[in-house]
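Student: Please see the structure below; I have some questions.
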Amino acid sequence: MTIKGKACRNCRKIIEKGKECPVCGSTSFTTFWRGYVAILDPQNSEIAQKMGVSTIGKHALRLSR
Ligand SMILES: [Zn+2]
């Protein structure tokens, strides 16, 4: 399954539109990313904690550029 969007270079949040990251306010994105995890419950998610993610949503696993 592929999803559209770009990943924030700073926090890896994937957004579909907009110029600014809703999480960290960064304006630096990349469309070259692979894999993602959907964090539903950051407080209780081991993955979210490992990734340093504290917000609900999709986050890229790997940024290529
Ligand atoms: Zn961000």
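The values are calculated or read from the model by the stated rules, or taken from the named source; none is laboratory data. Fair warning: this is a prediction, and the values are worked out from it, not measured in the lab. Don't worry about glycine lacking a Cβ; one is built from the backbone with ideal geometry, like all the others, and counts go over all protein chains shown. Just so you know, the surface numbers come from the protein's heavy atoms only, side chains and all, with ligands and any DNA or RNA stripped out. Shrake-Rupley method; radii C 1.70, N 1.55, O 1.52, S 1.80 Å.
Student: Which condition breaks for residue 35 when tested against (1) open to solvent by 100 Å² or more (accessible area, probe 1.4 Å); (2) more than 15 Å from the ligand (Cβ to nearest atom)?
Tutor: (1)
Student: Scan the stretch 24-47 for residues that are of a type outside the set (A, V, I, L, M) and either in a loop (DSSP other than H, G, I, E, B) or over 13 Å from the mean Cα position of the chain (by Cα) (or both) and jot them down.
Tutor: Listed by number, the residues that qualify are 24, 25, 26, 27, 28, 31, 32, 41, 43, 44, 45, 46.
Student: If you don't mind, another one. Can you find a residue that is within 12 Å of the ligand (Cβ to nearest atom) and at positive phi anywhere in the stretch 6-17?
Tutor: Yes, there is a match, as at least one residue in the stretch 6-17 is within 12 Å of the ligand (Cβ to nearest atom) and at positive phi.
Student: Scan the stretch 18-32 residue by residue and report those that are among the charged types (D, E, K, R) and either more than 14 Å from the ligand (Cβ to nearest atom) or surrounded by 10 or more Cβ atoms within 10 Å (Cβ to Cβ) (or both).
Tutor: Once the filter is applied, which keeps residues that are among the charged types (D, E, K, R) and either more than 14 Å from the ligand (Cβ to nearest atom) or surrounded by 10 or more Cβ atoms within 10 Å (Cβ to Cβ) (or both), the stretch 18-32 yields only 20.
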